[in-house]
Amino acid sequence: MVNGVSPHHEQVVMFVMRQLLDRFVPSNFVVTTGEVPAETLRTGGANLMQGLQK
């Protein structure tokens, strides 16, 4: 608990921080997932083209 901050605002800050941190998780990036690069090599890039069409 932070002095001078209401519980509601503390929860809002915690929520926003979780959202920001989740953006930088390695599994959210194409090159660091492991599965996407392997599938891209296997399909010759067709998986990426199919994803762009959706």
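Quick notes on this structure:
- In summary, Pro26 fulfils each of the numbered conditions (1) loosely packed, with under 10 Cβ neighbours inside 10 Å; (2) over 23 Å from the mean Cα position of the chain (by Cα); (3) not hydrophobic (A, V, I, L, M, F, W, C) with the single exception of condition (2).
Condition check ((1) surrounded by 10 or more Cβ atoms within 10 Å (Cβ to Cβ); (2) in contact with a Leu (Cβ under 9 Å, 6 or more places away or on another chain); (3) at positive phi) across all residues:
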site	(1), (2), (3)
Val5	yes, no, no
His8	no, no, no
Val12	yes, no, no
Asp22	yes, no, no
Gly34	yes, no, yes
Ala38	yes, no, no
Leu48	yes, no, no
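Laboratory data are not the source of any read-out in this text; all were calculated from the coordinates shown. A quick note: this is a predicted structure, and the numbers were derived from the prediction, not measured. Because the Cβ atoms are built from the backbone with ideal geometry, glycine has one as well, and the counts that use them run over all protein chains shown.
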